[in-house]
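Notes follow the structure.
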Amino acid sequence: MSNPAPMQRFVQLALDFLSGADEHAVAPPSAPVRHGSPPMAAEPMQAVFQPGVWQHPRANRRVQLAGCEVAYEFKRGKRRTIGLSVSHEGLSVRAPRWTPVGEVDSLLHSKSDWVLDKLQRARERSQQLALARTVWADGAPFDWLGRRVVLRLDPTHDFRQSGAVLDGTDGAQGGSAQPLTLRLGLSASASEAQIRDAAQAWLMREARRVFEERLAHYAPLLGVQWRVLRLSSAGTRWGSASADGTIRLNWRLVHLSLDMIDYVVVHELSHLRHMDHGPRFWDVVASVMPDHAERRRALRASPLAAGG
């Protein structure tokens, strides 16, 4: 993240999908290395990975790591460290303009265990999401605030809530195993795209309602004021916060339980106190959410409930 001092109003902190896009920032040789990644595995990755190819769609460089060919995206820019970022697309490397290519290759070899582990995790994550993708049709299940919901097409229903109504919400937060029903005012011949658009429009309205409620609840407890909420559909971020008070939250969070939504809300609001992830930031988070580490782990482990 660039130095916020000269242009404070443009500073933004983002919370990535914690198992979807991991970044490891490495300090230049003249500074101590910052260990932001999980601990290295005890066994060498050669024992885990078979030789293969990892191909980023915008790859412009290649490197051999522990018997695997890794084609990665390489960019230079205004930054002070080399950053290694792994997402569902593959490995991306960002480096300062002055960094020699040989130094980048050396770093990749020294971090090969970390890189290959993250690539494998990202591939598994993509496979999980593909399997979890909702096929939007009559009777399709999906999650809302951690509760199972079943879609029903009902063209004869007298809807008064923008074409959709949720039935069976009594005790929706009480952990009942009984699924709810979302009735859409669509005909039985509606296409998958029409059903998806109608259901997701309802989900996005619900997301805004829930997020605004949670922001209003936690902001006074944290002693901050947010200015505007924007819904995001970013592929790798749960949320972000800007120093001007803008909070962006991924609308797909509405699929998850309120505990996980609250963690993201508190995380982003806490950035209005500290625009970094230093000890003081985590002290602010813990002041209203002592179990934030457990919630973070739960968020890391949960796949997105909706696809497309």
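The values are calculated or read from the model by the stated rules, or taken from the named source; none is laboratory data. All values reported here derive from a predicted model rather than from experimental measurement. For neighbour counting, all protein chains shown are included, and Cβ atoms are generated from backbone atoms with ideal geometry for every residue, glycine included. To get the accessible areas, we keep the full protein, side chains included, count just its heavy atoms, and leave off ligands, DNA and RNA. Shrake-Rupley method; radii C 1.70, N 1.55, O 1.52, S 1.80 Å.
A cut-off under 10 angstrom between Cβ atoms defines the neighbours of Pro57, and their net charge, with Lys, Arg +1 and Asp, Glu -1, is -1. Using a Förster distance of 41 Å, how high is the FRET efficiency between Arg209 and Arg121, based on the Cβ-Cβ distance and rounded to 0.05? The calculated FRET efficiency here is 0.75. In this simple spin-label approximation, Arg273 and Ala298 carry label points 7 Å from Cα along the Cα→Cβ vector, and these lie 2.1 nm apart.
More than 24 Å apart: what percent of Cα pairs in region 197-308 qualify? Intermediate values should be presented prior to the final figure.
Details: 1223 of 6216 pairs.
Within region 197-308, distances greater than 24 Å cover 20 percent of Cα pairs.
For Ala201 and Leu258, what is the calculated FRET efficiency with R₀ set at 22 Å and r taken between the beta-carbons, to the nearest 0.05?
On the way: r = 22 Å, r/R0 = 0.98.
With a Förster radius of 22 Å, E is 0.55.
Per-residue accessible area (protein heavy atoms, 1.4 Å probe) orders Ser233, Ser189, Ser240 as Ser189, Ser233, Ser240, starting from the largest. In this label model, Glu192 and Leu221 are separated by 4.1 nm, measuring between points 7 Å along each Cα→Cβ vector.
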